[in-house]
1. Give the relative contact order (percent, whole number) for the chain; include only Cα pairs under 8 Å separated by 6+ residues.
2. Among D17, D112, D70, which one shows the highest mean-square fluctuation when the chain is modelled as a Gaussian network with alpha-carbon springs under 10 Å?
3. For a protection proxy built on the mean count of beta-carbon atoms within 10 angstrom, sort 101-111, 148-158 highest first, please.
4. Checking understanding here: applying a Kyte-Doolittle mean of at least -0.5 and a length along the axis of at least 15 Å (C-alpha), which whole DSSP H helices in the chain pass?
5. Treat every Asp and Glu Cβ in the chain as -1 and every Lys and Arg Cβ as +1, leave all other atoms uncharged, and give the resulting dipole magnitude about the Cα centre to the nearest 20 debye.
6. If you add up the charges near T104, with Lys and Arg at +1 and Asp and Glu at -1, over every other residue whose beta carbon is less than 11 angstrom from its beta carbon, what do you get?
Amino acid sequence: MNNALQLTSPQAAPYSDYKREFDFPAAAVFRAHADPALYGQWIGPRGLTTRVEQLDCRSGGSFRFVQHGDDGVEHAFHGVFHTVRDNEFILMTFEYEGFPDVVTLEYTRFEDLAGGRCRLAGHSVFPTLEDRERYLAGGMESGMAEGYDRLEELLGRAG
């Protein structure tokens, strides 16, 4: 099955939509988003190491993680979980500390499909179109694609 990331970013609107199917049930994909020990193993592009400092995936919880590559440069991210429904839905803020005051609102849905598979669908709203373009120019799409590929590999090793 082709489980490639599909990312769309309309030219005149400050948001991006994305979809990705996985060969695992929604509960397993959700757990990898909610469990700090799993999350740090797949989030972001290959070649980066992630240190999860906080991941309290519940309504009202928060998160912070820091990534670094061989160059030693650190990239930190944080946010707040506004609504979490286990195995189904996450609504959260997301902020890259390198772009202060550029907070995105992220909706992620987890949907079971036939054959023990699932679809993850998300919507990211940026403060401005320029902010979204800065994220895209910084490698957002390739980072997401590699991270989701790493997630699929992680679930394959666990199963």
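No value in this document is a laboratory result; all are computed from the given coordinates. Since we're looking at a predicted model, the values are computed, not measured. Quick reminder, even Gly has a Cβ in these numbers, built from the backbone with ideal geometry, and neighbours come from all protein chains shown.
1. On the way: 339 pairs, mean separation 43.4, N = 159.
That works out to 27 percent.
2. In this elastic network of the chain, the residue with the biggest mean-square fluctuation among D17, D112, D70 is D70.
3. Working: 101-111: 17.5, 148-158: 15.8.
Output ranking for 101-111, 148-158: 101-111, 148-158.
4. Working: long enough: 140-158 (27 Å, -0.58).
Both cut-offs are met by no helix.
5. Values: 15 positive and 25 negative charges, 83 e Å.
It works out to roughly 400 debye.
6. Working: positive: R132; negative: E95, E106, D131.
Summing Lys and Arg as +1 and Asp and Glu as -1 gives -2.
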